[in-house]
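A.B. asks: Sharing a structure here in structure tokens format.
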Amino acid sequence: MWLSFAARASSASRDLLRSSSRSALFSPHPISRFLGFTRSPPPCCNRTIFDLKSTITRSSSGSWSLFRGVSGAAVDIASTDFDEDAEVGPEWKITESSAEKAAKKKAALTSMRKFHRLRRRQIKLETETWEQAVKEYRELLEDMCKKKLAPNLPYVKSLFLSWFEPLRDKIAEEQENCKDVHCRTPYAPCINLISADMMAVITMHKMISMLMTGDGSGSIIVVSAACQVGEAIEHEVRIQRLLEKTRKKTKKEKKEESIEDDTITKEHAFLRKRVTDLIKRQNISLVRKIAKQQDNAKPWGVDLRAKVGSRLIQLLIETAYIQSPATQSPDGLPDIRPAFRHSLRNFKRDQKKLCRRYGIIECDPLIHKGLDRTARHVVIPYMPMLIPPVTWSGYDKGAHLFLPSYIMRTHGCKHQRAAIKRTPRDQLQPIFEALNTLGNTKWRINKELLNVVERIWSSGGSLADLVDREDIPLPDKPETEDSAEMKKWKWSLLSAKKKNCEMHSQRCDVEFKLSVARKLKEEEGFYYPHNLDFRGRAYPMHPHLNHLGSDLCRGILEFAEGRPLGTRGLRWLKIHLANLYAGGVDKLSLDGRIAFSENHMEDVFDSAERPLEGRRWWLGAEDPFQCLAICKHLAQALRSPTPESTISHLPVHQDGSCNGLQHYAALGRDKLGAVSVNLVNGEKPADVYSEIAARVLEIMLKDSNKDPSTDPNVLHARLLLGQVDRKMVKQTVMTSVYGVTYIGARDQIKRRLQERELIVDDVQLFRASCYAAKVTLTALGEMFEAARGIMTWLGECAKLIASENQTVRWTTPLGLPVVQPYRKIGRHSIKTSLQVLSLQKETEKVMGKRQRTAFPPNFVHSLDGSHMMMTAVECKKAGLSFAGVHDSYWTHACDIDEMSRILREKFVELYETPILENLLMNFQSSFPSLSFPPLPECGDFDIKDVLNSTYFFN
């Protein structure tokens, strides 16, 4: 957060952003990262795009730096716009011919100029987003006044423009009232800290953004909206504070100031000059230190944020109106009505009978209808970075240049935050290195795939798993008084409305993803800074378009760096095509998958050439957009005279086989479980989902033969007999090791049955789902006794710890401290101008049941996160590009064999340590008064068998 102060000081000086000083040399760390290094140079530089013949020395801080003799320039980072005026770089001394010296010096300067250009754009992207929005609205208003007519704007943007001026004026009036010395309004000290037009723009955009990312109902709970708007305002206040403190006084002000004030002004001017110089030299750590020293204001706290946000939302409700384009009131006047409405609504949690009454903000139906076309006009924070992220070196040191960045998403859990902060830096070094590795993977947009997606979306969607852009019609009310018919209609009506809300939310999500893709499609590359959840799993910080997302996201993203396919790469491309097509094909042997792809080459070429006009074979794939990307690339390679030399940018995946059960089998050395989840080599992959489905079908067949008059499950069993397959049970099996409940399993199976549309009666569907969930969980318990034993042991330990009113905490194999955040929530009420808000606050009382049930899945998640990060670091050392999605590891097709070897070795290395024994010792030392149960009995599975297992990850 504090870096953002310096950004404002820098961005205020426009000449700083237009040119670079000759003395603005790179510090050792940015140069080494710019040239492709993080802490050590890659061991296989011949595989990179660099030609380095320089002398490399290591600084005392452990980073690599370059001095003299850079004979080859990095072209990893480039701009779409060459900056001729930039003058950056030292006097290089190269002991080569004059021509070579001149060419290489020119290449080095060109690359560094591009880097500076991108860095300046990144600074603007992080610090001037709201300013640019304010400037745009001001210019539009001026243009409208001059031309005496409204500009031709998209619908939602025209709404923003119509709301901007009255909201700004109302906020300015509020600011004037709060300047009165007799004003006792609680938020008075904060309302004047930034300009009225800035507050207006932030309020409008935040409200629309929250409505778009909500549940699709067009409403948002007041307390959530108030806190988020208040937090956004506080963040912008902190960005501007350093600028205000260091701003030079005008000549007129200087004459009126006392000698003491003149001294302060000189100090501010000196500070401003120092900060600007430090930013030129890219000394970010020292800028951060100065910013913290200068910003003496305390954080606002949730109460004050809520009060500021509530008042701004109230002013928006009072000033924002909407006019229906087609209707008029009975007296002939235009139909103008409020754009937002504040009301109260009862909410029922899960299936409980008790309701809570919440205040909500509802938008007008016209606005709600246009929300799914709004994303491109809404400010999106934390966009992917144009330059490599700042390397992580502390809790809040790393990732973005100026935006607040934290290594862990603690969600307000002070105990987890404190645990991270007091952990020695050396202990966290493996975590820093892994996150830096993930963040330094360079991506780009696959333009061909994006064009196909845009064509489908502009034609109404409803293809390749894209949501339909039109709502489903609501059922007509029957003309009858029959209670059964009316009840059935009400159920159908409720179901249709819920479906439309879900579809609306999905449309907004697609628009956000496409909006980001459109902004990035002309960039040569971009990066995703990563951080962790409290369990140690890594996630990109950008929320919308990233490789952890849907098939749409993964289809339009690819590595920016290209590598030749090679013979093995071409083979893996065919295997990957079969994996993405799925439908049982992904369970064949590797040779069987290759044969599948080769047998469908005609379909592959047709899909590549005519994706929407041809036979559309790719639409039958489980992951259609990724399948289409492979089709296009495979067709390109096979048409080439030398397919092996084709440059490939597409990531190829290696996925774990029910990875949670793999970790449990390794923990307990369970030989039977190891065979079921491919820890042991086999001729073809074992399919645990098909095994569970077969057992479920066996139980249902037995139930279907019973007497329906004595057993109500008979009818459900007969109804489901033809629908039991691996897809129906897959999600429940996957999540069973992560603590899925009966209700969760029921909802998962219900969604699978809904997709098939074979059971049209909603009541019948619900009851069949309940029955199927019970049978599936029964089959799971029978097949994985060893995993259940470990889960039970973990749960019992957590129960004992929670009985002492303590949270369960442990340290991952990589040294990350984990604290389960489940504590009882206290509430306190505050009075705002909009309504009385009930705010939550974490108490010291732990939630015993939650601590117990969540510990087994959280512990396994911390292990799969450790395995992924260990693999990432080793892949970096081997010179591979790497991306990870929990239990799915990605690299170039030509490097799959190398990555496969590494991930197996790291899994064995992880489980050669006595993980459960260490956990028990940790518990016993932390809670010596407690008597923990003995460890579950361990099996005789040899963990080194994983090294030879073809289908462990495949």
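A.B. asks: Quick check on my filter: what residues within segment 489-509 are touching a helix residue (DSSP H, G or I) at 6+ places or on another chain (Cβ under 8 Å) and closer than 23 Å to Phe766 by Cα?
C.D. replies: Result: Trp491, Ser492, Ser495.
A.B. asks: Restricting to segment 576-606, name every residue that is assigned to a helix (DSSP H, G or I) and polar (S, T, N, Q).
C.D. replies: Hits for segment 576-606 are Asn579, Ser597, Asn599.
A.B. asks: Determine, yes or no, whether Pro430 is in contact (Cβ under 8 Å) with a residue 40 or more places away in the chain and closer than 29 Å to Lys114 by Cβ.
C.D. replies: Answer is no for this residue.
A.B. asks: Any idea which of (1) surrounded by fewer than 23 Cβ atoms within 10 Å (Cβ to Cβ); (2) more than 18 Å from Tyr581 (Cα to Cα); (3) in contact (Cβ under 8 Å) with a residue 40 or more places away in the chain is the one Ile692 doesn't satisfy?
C.D. replies: The single condition Ile692 does not satisfy is (1).
A.B. asks: So, in segment 347-356, of the ones that are in a strand (DSSP E or B) and under 31 Å from the mean Cα position of the chain (by Cα), which residue ends up modelled with the highest pLDDT?
C.D. replies: My answer is Arg356.
A.B. asks: With the checklist (1) under 17 Å from Pro384 (Cα atoms); (2) touching a helix residue (DSSP H, G or I) at 6+ places or on another chain (Cβ under 8 Å) in hand, flag the one item Gly439 doesn't pass.
C.D. replies: (2)
A.B. asks: Any residue in segment 402-420 that's closer than 18 Å to Val302 by Cβ and surrounded by fewer than 20 Cβ atoms within 10 Å (Cβ to Cβ): show its pairings with residues that are among the hydroxyl-bearing types (Ser, Thr, Tyr) and at pLDDT below 90 at Cβ separation under 6 Å, as long as the two are six or more apart or on different chains.
C.D. replies: From segment 402-420, the pairs are Arg417/Thr410.
A.B. asks: Please go through segment 160-211 and pick out each residue that is among the aromatic types (Phe, Trp, Tyr) and in a loop (DSSP other than H, G, I, E, B).
C.D. replies: Tyr187
A.B. asks: Right, here's the next one. Could you tell me whether any residue of segment 481-490 is surrounded by 15 or more Cβ atoms within 10 Å (Cβ to Cβ) and more than 30 Å from Arg373 (Cα to Cα)?
C.D. replies: yes
A.B. asks: Same structure again: In the list Leu545, Leu565, which residue meets the criterion of being crowded, with 20+ Cβ neighbours inside 10 Å, under 28 Å from Lys519 (Cα atoms) and in contact with a Cys (Cβ under 7 Å, 6 or more places away or on another chain)?
C.D. replies: From the options Leu545, Leu565, the qualifying one is Leu545.
A.B. asks: Further question on the same structure: Given the options Val229, Val222, Val181, Val201, name the one that is touching a strand residue (DSSP E or B) at 6+ places or on another chain (Cβ under 6 Å) and either at pLDDT below 75 or buried (at least 21 other Cβ atoms within 10 Å of the Cβ) (or both).
C.D. replies: Selected residue: Val222, the only one of Val229, Val222, Val181, Val201 that is touching a strand residue (DSSP E or B) at 6+ places or on another chain (Cβ under 6 Å) and either at pLDDT below 75 or buried (at least 21 other Cβ atoms within 10 Å of the Cβ) (or both).
A.B. asks: Filter segment 890-904 for residues that are of a type outside the set (S, T, N, Q) and not in a helix (DSSP H, G or I); which is surrounded by the fewest Cβ atoms within 10 Å (Cβ to Cβ)?
C.D. replies: Trp890
A.B. asks: (1) under 24 Å from Glu898 (Cβ atoms); (2) touching a Cys at 6+ places or on another chain (Cβ under 8 Å): which one isn't true of Ala560, the others all being true?
C.D. replies: Here Ala560 clears every test but (2).
A.B. asks: List every residue pair whose Cβ atoms sit under 6 Å apart, with the two residues 6 or more apart in sequence or on different chains, where the first one lies in segment 774-795 and is surrounded by 16 or more Cβ atoms within 10 Å (Cβ to Cβ) and the second, anywhere, is assigned to a loop (DSSP other than H, G, I, E, B).
C.D. replies: Short answer, once both residue conditions are applied: Ala786/Asp670; Gly789/Pro936; Ile790/Pro936; Trp793/Pro936.
A.B. asks: Filter segment 321-343 for residues that are outside any strand (DSSP E or B) and surrounded by 11 or more Cβ atoms within 10 Å (Cβ to Cβ); which is modelled with the highest pLDDT?
C.D. replies: Ala339
A.B. asks: Can you find even one residue in segment 493-508 that is touching a His at 6+ places or on another chain (Cβ under 9 Å) and either more than 26 Å from Gly884 (Cβ to Cβ) or β-branched (Val, Ile, Thr) (or both)?
C.D. replies: Taking every residue of segment 493-508 in turn, at least one turns out to be touching a His at 6+ places or on another chain (Cβ under 9 Å) and either more than 26 Å from Gly884 (Cβ to Cβ) or β-branched (Val, Ile, Thr) (or both).
A.B. asks: Kindly establish whether Phe907 is in contact with a helix residue (DSSP H, G or I) (Cβ under 6 Å, 6 or more places away or on another chain), at pLDDT 95 or above and within 18 Å of Tyr664 (Cβ to Cβ).
C.D. replies: Against the criterion (in contact with a helix residue (DSSP H, G or I) (Cβ under 6 Å, 6 or more places away or on another chain), at pLDDT 95 or above and within 18 Å of Tyr664 (Cβ to Cβ)), Phe907 qualifies.
A.B. asks: Could you tell me which residue of segment 669-702 is nearest to Ala786 (Cα to Cα), considering only residues that are under 33 Å from the mean Cα position of the chain (by Cα) and assigned to a helix (DSSP H, G or I)?
C.D. replies: Ranking the candidates gives Gly673 first.
Residues checked against (1) under 30 Å from Pro540 (Cα atoms); (2) modelled with pLDDT under 95; (3) β-branched (Val, Ile, Thr):
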{"residue": "Ser838", "(1), (2), (3)": "no, yes, no"}
{"residue": "Lys841", "(1), (2), (3)": "yes, yes, no"}
{"residue": "Gly848", "(1), (2), (3)": "no, yes, no"}
{"residue": "Ser866", "(1), (2), (3)": "yes, no, no"}
{"residue": "Val885", "(1), (2), (3)": "yes, yes, yes"}
{"residue": "Ile896", "(1), (2), (3)": "yes, no, yes"}
{"residue": "Met899", "(1), (2), (3)": "yes, no, no"}
{"residue": "Leu930", "(1), (2), (3)": "no, yes, no"}
{"residue": "Gly939", "(1), (2), (3)": "no, yes, no"}
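A.B. asks: Does Ser393 meet the test of being assigned by TED's automatic domain parsing to the domain that holds Ile208, more than 28 Å from Arg469 (Cα to Cα) and either modelled with pLDDT of 70 or more or of a type in the set (A, V, I, L, M, F, W, C) (or both)?
C.D. replies: Against the criterion (assigned by TED's automatic domain parsing to the domain that holds Ile208, more than 28 Å from Arg469 (Cα to Cα) and either modelled with pLDDT of 70 or more or of a type in the set (A, V, I, L, M, F, W, C) (or both)), Ser393 does not qualify.
A.B. asks: Which of the residues that make up segment 359-410 are among the hydrophobic types (A, V, I, L, M, F, W, C), over 16 Å from the mean Cα position of the chain (by Cα) and not in a loop (DSSP other than H, G, I, E, B)?
C.D. replies: If the condition is that a residue be among the hydrophobic types (A, V, I, L, M, F, W, C), over 16 Å from the mean Cα position of the chain (by Cα) and not in a loop (DSSP other than H, G, I, E, B), then Ile360, Ile361, Cys363, Leu366, Ile367, Leu371, Ala375, Val390, Trp392 are the ones that fit.
A.B. asks: Here are Phe953, Phe882, Phe855: which of them is farther than 19 Å from Ala666 by Cβ, within 26 Å of the chain's Cα centre (by Cα) and surrounded by 22 or more Cβ atoms within 10 Å (Cβ to Cβ)?
C.D. replies: Unique residue meeting the criteria: Phe882.
A.B. asks: Moving on. Please state which of the following conditions Gly722 fails to meet, knowing it meets all the rest: (1) over 31 Å from the mean Cα position of the chain (by Cα); (2) modelled with pLDDT under 85; (3) surrounded by 18 or more Cβ atoms within 10 Å (Cβ to Cβ); (4) in a helix (DSSP H, G or I).
C.D. replies: (3)
A.B. asks: Restrict the check to segment 648-664 and report whether at least one residue is more than 32 Å from the chain's Cα centre (by Cα) and either closer than 30 Å to Asn446 by Cα or among the hydrophobic types (A, V, I, L, M, F, W, C) (or both).
C.D. replies: Checking segment 648-664: not a single residue is more than 32 Å from the chain's Cα centre (by Cα) and either closer than 30 Å to Asn446 by Cα or among the hydrophobic types (A, V, I, L, M, F, W, C) (or both).
The values are calculated or read from the model by the stated rules, or taken from the named source; none is laboratory data. For clarity, every value in this text was computed on a predicted model and none was experimentally measured. So basically every Cβ, Gly included, is an ideal-geometry build from the backbone, and we count neighbours across all protein chains shown.
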